[in-house]
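Everything on this sheet refers to the single structure shown next.
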Amino acid sequence: MTRLSPATLGALPAAIARPSYDFSRVGIGIVHLGIGAFYRAQGAVYTDDVLAKDVGDWGICGVSLRSPDVRDRLAPQDGLYTAVEKSPAGVRRRVIGSVREVLFLGDERDEVHARLAAATTRIVSLTITEKGYCHHPATGQLNSEHPDIVHDLANPAQPRSAIGLLVAALDARRNSHAQPFTVMCCDNLPHNGALVRGLVLAFAKARAPRLAQWIEEHICFPSTMVDRIVPATTDADIAQNDAALGVHDAAPVMHEPFKQWVIEDTFAAGRPSWEHVGAQLVTDVVPFEAMKLRLLNASHSALAYLGFLAGHEFIYQVAAQRDFVAYMRALMREEVAPTLALPAGVDVAAYQDALVERYRNPALPHRTQQIAMDGSQKLPQRLLGTVRDNLAAGRSVDRLALGVAAWMRYVAGVDEAGRAIKVADPLAEEFARIASAHRGDPPGLARGLLGVKAVFGDDLPAAAPFAERVSAWLTLLHTEGAARTVARAASKGSA
């Protein structure tokens, strides 16, 4: 089958939306590290909308850090791909043209370095997932013992990590033309701009204090909040998309209709007019970020662990279960919402209702195991910050503790039918050792996992109201199973 390309755009069916601008007039002003499905369904779509209104130098160079797969899929298509919106109302397909170049660090290091060092690059953005930042999730500090950080400090010209790559690029710019760029994190991390700033400065100080001072004085790190559900693309998705287009697209992305992007308006060298195409440019992202991380991401993770344990492959199946939805609503209403300082004009009850409906979208099958990945990196941001706030205020942490217990049951590596769970997590081996030492002993397993400081720090294991509830819920998950345990949590009396 003919491949999607600029030459085949004109032959696409009329129902397929496509870029209306001239690609040859688009210069590259953004380098994006981690050009995976989420960014291509979110930031690249907003930028495509900007280019449609005003063609300029805001094209995107996408860089893959770990695998050539996305480069190999997109480069033969000149960066073009289909964004496929799925909902109960139907399917809408749109070809995105904002990605003008795709590189792989592994075999195009010189090209990546040249693009980052170029004065024309004004924004470097990132979606590398929580584990890509080489930090301690419990504290937000740089993990100086991480193998990639150790390597990059010893080999500054050959960085492996995103942090090392950023600092090398900033050093090159300082030494050549002294033009700054903006570093914009688009991952689900609290205070993500400040966090990445701290990681970059810590690495730079370890490498060259004068470089750290220049970064501190000249580089902006705006915080952002991103929100769109983007499940992994399957072979069936690709085949269906090819049939609709009449050409082969090796790299389509699937997404829901909803999207939101809130950006702190602090940039060192200009930015696209994202506010003209639906993004919110604000002075303070924190209220939006907290609402999303603690309501959406927390409930998504809790439902994913509990739903998987109960035998549900997809999140929409979990959201169709009455008890699971009742638990989710009680979690958000009673233990999450009281911790939030809401943005002006936000109806938090309506937001929670919308989350339930978004999760119920059967047209967008989002695997519970995909959401469950890398929990050690996600729990501190999604659940444990809320736990700490509630403990400090003397409020309940009961349903939050169930979410944590479900994670523990999951990372122990055996499901309710006795089958092995493939746990995808940077700390999977440590979890397996702890689980092996506490088979048949849920309270012991709870104590062992609570002792993982990288996740829980020093305070939470000693917080009896939390630790005791985690242990009690974990025992119920083992003796009664997830479905019956969730029914308990959904009831007024709880467990």
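The values are calculated or read from the model by the stated rules, or taken from the named source; none is laboratory data. All values reported here derive from a predicted model rather than from experimental measurement. Counting neighbours? That spans all protein chains shown, and the Cβs are built from the backbone with ideal geometry, glycine included.
Among the residues of the stretch 196-208, those that are at pLDDT 95 or above and either crowded, with 23+ Cβ neighbours inside 10 Å or farther than 17 Å from Arg122 by Cα (or both) comprise Val196, Gly198, Leu199, Val200, Leu201, Ala202, Phe203, Ala204, Lys205, Ala206. Exactly one residue out of Leu189, Leu153, Leu170 is assigned by TED's automatic domain parsing to the domain that holds Arg66, touching a Phe, Trp or Tyr at 6+ places or on another chain (Cβ under 9 Å) and within 30 Å of Leu295 (Cα to Cα): that is Leu189.
Among the residues making up the stretch 237-274, those that are of a type outside the set (A, V, I, L, M, F, W, C) and either part of a helix (DSSP H, G or I) or at positive phi (or both) are Asp237, Gln240, Asn241, Asp242, Gly246, Gly270.
Tallying residues that are among the acidic types (Asp, Glu) and closer than 14 Å to Ala251 by Cα within the stretch 51-72 yields 2.
Could you check how many residues of the stretch 438-470 are among the small types (Gly, Ala, Ser) and in contact (Cβ under 8 Å) with a residue 60 or more places away in the chain?
Residues that pass the stated criteria total 3.
To keep it simple, each residue is scored yes or no on (1) touching a Ser or Thr at 6+ places or on another chain (Cβ under 9 Å); (2) in the same structural domain as Phe181 (by TED's automatic domain parsing); (3) not acidic (Asp, Glu).
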| position | (1), (2), (3) |
| --- | --- |
| Ala204 | no, yes, yes |
| Glu217 | no, yes, no |
| Pro231 | no, yes, yes |
| Asp237 | no, yes, no |
| Leu245 | yes, yes, yes |
| His248 | yes, yes, yes |
| Glu264 | yes, yes, no |
| Pro272 | yes, yes, yes |
| Glu275 | no, yes, no |
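Exactly one residue out of Val26, Val70, Val63 is closer than 19 Å to Thr129 by Cα, touching a residue at least 12 places away in the same chain (Cβ under 8 Å), crowded, with 19+ Cβ neighbours inside 10 Å and touching a Leu at 6+ places or on another chain (Cβ under 8 Å), and it is Val63. Any idea which of Gln240, Gln260 is closer than 30 Å to Gly56 by Cα and surrounded by fewer than 18 Cβ atoms within 10 Å (Cβ to Cβ)? Criteria check complete, one pass: Gln260. Can you find a residue in the stretch 92-102 that is out of contact with any helix residue (DSSP H, G or I) (no Cβ under 9 Å at 6 or more places or on another chain) and either in contact (Cβ under 8 Å) with a residue 40 or more places away in the chain or within 15 Å of Ala44 (Cβ to Cβ) (or both)? Checked against the condition, which is being out of contact with any helix residue (DSSP H, G or I) (no Cβ under 9 Å at 6 or more places or on another chain) and either in contact (Cβ under 8 Å) with a residue 40 or more places away in the chain or within 15 Å of Ala44 (Cβ to Cβ) (or both), the stretch 92-102 yields at least one hit. Filter the stretch 237-267 for residues that are small (Gly, Ala, Ser) and in contact (Cβ under 8 Å) with a residue 12 or more places away in the chain and give the result. Ala244, Gly246, Ala250, Ala251, listed by residue number.
The number of residues in the stretch 145-159 that are surrounded by 20 or more Cβ atoms within 10 Å (Cβ to Cβ) and modelled with pLDDT under 95 comes to 0. Do we have Leu449 as on the phi < 0 side of the Ramachandran plot, touching a Leu at 6+ places or on another chain (Cβ under 7 Å) and part of a helix (DSSP H, G or I) here? So Leu449 fails the test. Does Phe324 count as over 22 Å from the mean Cα position of the chain (by Cα), surrounded by 18 or more Cβ atoms within 10 Å (Cβ to Cβ) and of a type in the set (Phe, Trp, Tyr)? In short, yes.
Inside the stretch 348-369, residues that are farther than 15 Å from Leu296 by Cβ and not hydrophobic (A, V, I, L, M, F, W, C) make up a count of 5.
Conditions (1) in contact with an Asp or Glu (Cβ under 8 Å, 6 or more places away or on another chain); (2) closer than 22 Å to Arg382 by Cα; (3) of a type outside the set (Lys, Arg), marked per residue:
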residue: Ser161; (1), (2), (3): yes, no, yes
residue: Asp171; (1), (2), (3): no, no, yes
residue: Ala178; (1), (2), (3): no, no, yes
residue: Thr182; (1), (2), (3): no, no, yes
residue: Leu199; (1), (2), (3): no, yes, yes
residue: Pro209; (1), (2), (3): no, no, yes
residue: Ala212; (1), (2), (3): no, no, yes
residue: Thr233; (1), (2), (3): no, no, yes
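For the stretch 51-89, which positions are part of a helix (DSSP H, G or I), more than 22 Å from Pro365 (Cα to Cα) and out of contact with any His (no Cβ under 7 Å at 6 or more places or on another chain)? Once the filter is applied, which keeps residues that are part of a helix (DSSP H, G or I), more than 22 Å from Pro365 (Cα to Cα) and out of contact with any His (no Cβ under 7 Å at 6 or more places or on another chain), the stretch 51-89 yields Leu51, Ala52, Asp69, Arg71, Asp72, Arg73, Leu74, Ala75, Pro76, Gln77. Taking into account only those residues within the stretch 20-74 that are at pLDDT below 95 and among the hydrophobic types (A, V, I, L, M, F, W, C), which is nearest to Ala279 (Cα to Cα)? Here the answer is Val55.
Within the stretch 209-236, can you find the residues that are in a helix (DSSP H, G or I) and either closer than 18 Å to Gln77 by Cα or free of Cβ contacts under 8 Å to residues at least 12 places away in the same chain (or both)?
Once the filter is applied, which keeps residues that are in a helix (DSSP H, G or I) and either closer than 18 Å to Gln77 by Cα or free of Cβ contacts under 8 Å to residues at least 12 places away in the same chain (or both), the stretch 209-236 yields Pro209, Arg210, Ala212, Gln213, Glu217, Asp235, Ala236.
Just to be sure I understand, how many residues within the stretch 295-316 are acidic (Asp, Glu) and touching a residue at least 60 places away in the same chain (Cβ under 8 Å)? Total meeting the criteria: 0.
Just one of the listed residues (Tyr21, Tyr39) is in the same structural domain as Ile263 (by TED's automatic domain parsing), more than 26 Å from Thr2 (Cβ to Cβ) and either in contact (Cβ under 8 Å) with a residue 24 or more places away in the chain or touching a Ser or Thr at 6+ places or on another chain (Cβ under 9 Å) (or both), namely Tyr39.
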